[in-house]
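Here the structure comes first, spelled out in structure tokens, and everything after it is commentary.
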Amino acid sequence: MIGFGIVGCGMISKFHAKAIAEIRGAKLVACFDAFPASADKLAEATGCRAYHKLDDMLANPDVNIVTIGTPSGAHREPAVAAARAGKHVIVEKPLEITLRRCDQIIEACQKSGVVLSTIFPSRFHDSSQEMKRAVDSGRFGRLTIGDAYVKWFRTQAYYDSGAWRGTWELDGGGALMNQAIHSVDMLTWIMGPVVEVRAKTALLAHERIAVEDVALATVEFANGALGVIEATTAVYPGYLKRIEIHGNEGSAAIEEEDIVKWDFAKKKPKDDAILSAMANRKSGGGGAADPSAIGHHAHAKQFQNVVQAIKKGTAPSVDGPEGRRSVEIILAIYKSAETGKAVKLPLAGDPALKARRKTKE
């Protein structure tokens, strides 16, 4: 039996618990939150044991894997503590909000010899896997354009619901770092490394937050292709996130989990079946207008991937460095927006963003 412990018992912990329940040979045995009442509530709902001190939970030998669902800028401390206690670590996106903090998590897990994975469940959708296989097999020919669009809507009440929301210190950014990071990860996973970005960001439709609710970036990939990343929480009523991949021999598009375009110059017999099977499915709202309107099935697939990696002694599909990559791209976008200049990747270090210079490292 693989025992899971959850750190951070807010909204996302419910999805972690549901995902764990679907994994054969796994069980949620413990949870912890800085607010004891939150841990008690999750324990009552799931039957696991609530802890009011993190060290006590980490001392439980039945806890083999710890999932981190605290606010984004509070991932490092519990992740490092879990690694030092010999627990495998799964961290919600983003891995952390600065490269230094990401690296400290990665280094702690490497030093302790434990598995580290960053949660990007969109990679595990069947449609995403089909898109990735098509690119890797060369069906698009020369890749020319790769775009990610996240036109979501969040009310003012959403930002007012937690003091950490919309802050550089704990959210690490706005529509890009909190919402669109899933699509940034998908785009670079499919298209390859990003080598340069140019960007603008703005705060247009919300109050009492320090971060952006609109962002637009043009990107250049290492293979020469170009692309656009659009991210916002200020578009009513909110639309499904979309990934478009184009080349001189093919084009395809995914909306949330559905393949909506699948056009290739060199058709294959299975193409019609792929489009038929993966279009017009009920993929839900995907969090476009309601952050709780997501499924847990892809989380379950990723958790299962981590369990298999532990058993086989291999790296999970989305490890620490993979999780770091999308954070680096977003930080480069923020730096470009702040300076008005193009920013090249990889970054030499953490950008000294004026907006977040008071963030504690």
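All of the numbers you see were taken from the coordinates with simple rules; none came from a lab. Bear in mind the structure is a predicted one, so any value in this text is a computation, not a measurement. FYI the Cβ positions are ideal-geometry reconstructions off the backbone, even for glycines, and counts take in every protein chain you see.
Side notes on the structure shown:
- Put a plus charge on the Cβ of each Lys and Arg, a minus charge on the Cβ of each Asp and Glu, and nothing anywhere else: the dipole of region 227-361 about its Cα centre is then about 460 debye.
- Loop trypsin sites (Lys or Arg not before Pro), region 194-260, which have at most 13 other Cβ atoms in a 10 Å radius of their Cβ (DSSP): ARG208
- Dipole in debye (nearest 20) - region 218-281, about Cα centre, beta carbon charges: Lys, Arg +1; Asp, Glu -1: 200 debye
- The alpha-carbon of LYS270 sits under 16 angstrom from the alpha-carbons of these lysines, leaving out residues fewer than 8 places away in its chain: LYS132, LYS261.
- If the segment from ASP290 to TRP164 were pulled out straight at 0.36 nm per residue, it would be longer than the present Cα-Cα gap by 43.6 nm.
- Sequence of CYS109, CYS9 once ranked by neighbouring C-beta atoms within 10 Å, starting from the fewest: CYS109, CYS9
- Our estimate of slack between LYS111 and GLN129, defined as 0.36 nm per intervening residue step minus the Cα-Cα distance, is 3.3 nm.
- For VAL7, VAL306, order by how many other beta-carbon atoms lie within 10 Å, fewest first: VAL306, VAL7
- Based on C-alpha pairs under 8 angstrom that are at least 6 apart in sequence, region 291-361 has a relative contact order of 18 percent.
- Dividing the helix sum by the residues of the chain, where each DSSP H run of 4 or more adds -39500 (n - 2.57), gives a mean residue ellipticity at 222 nm of -10000 deg cm²/dmol.
- Gaussian network model of the chain, springs between alpha carbon atoms under 10 Å - residue of ALA148, ALA81, ALA332 with greatest fluctuation: ALA81
- Within the listed set ALA83, ALA39, ALA205, the Gaussian network model of the chain (springs between alpha-carbon atoms below 10 Å) gives the highest mean-square fluctuation for ALA205.
- Residues with amide H under 5 Å from that of VAL260, placed H, sequence gap 5 or more: ALA253, ILE254, GLU255
- Pairwise label distance in nanometres, ASN223 with LYS41, each label 7 Å out on the Cα-Cβ vector: 4.5 nm
- Rg ratio (alpha-carbon, reference 2.2 N^0.38 Å) - the chain: 0.97
- Amide H within-cut-off set for ASP33, under 5 Å, with H built and near neighbours excluded: GLY8, ALA39, TYR51
- Charge tally for TYR159 (other residues, Cβ to Cβ under 15 Å; Lys, Arg +1; Asp, Glu -1): -4.
- Per-residue Cβ neighbour rank within 10 angstrom, fewest leading, GLU322, GLU107: GLU107, GLU322
- Dipole magnitude for the chain: about 460 debye, using +1 per Lys or Arg Cβ and -1 per Asp or Glu Cβ, origin at the Cα centre.
- Applying the Karplus relation 6.51 cos²θ - 1.76 cosθ + 1.60 with θ = phi - 60° to region 60-69 yields 3J(HN,Hα) values of 6, x, 7, 8, 9, 10, 10, 9, 10, x Hz, where x marks Gly and Pro.
- One quarter of the convex hull surface built on the alpha carbon atoms of region 258-321 amounts to 7.2 nm², the projected area averaged over directions.
- Under a Gaussian network description of the chain, with springs only between Cα atoms under 10 Å, the residue in LYS267, LYS87, LYS41 that fluctuates furthest is LYS267.
- Normalised contact order of region 33-95, rounded percent, pairs of Cα under 8 Å and 6 or more residues apart: 27 percent
- Spacing of the two label points (7 Å from each Cα toward its C-beta) at LYS267 and ALA210, in nm: 5.6 nm
- Take every pair of alpha-carbon atoms less than 8 Å apart whose residues are at least six positions apart; their mean separation over the length of the chain yields a relative contact order of 19 percent.
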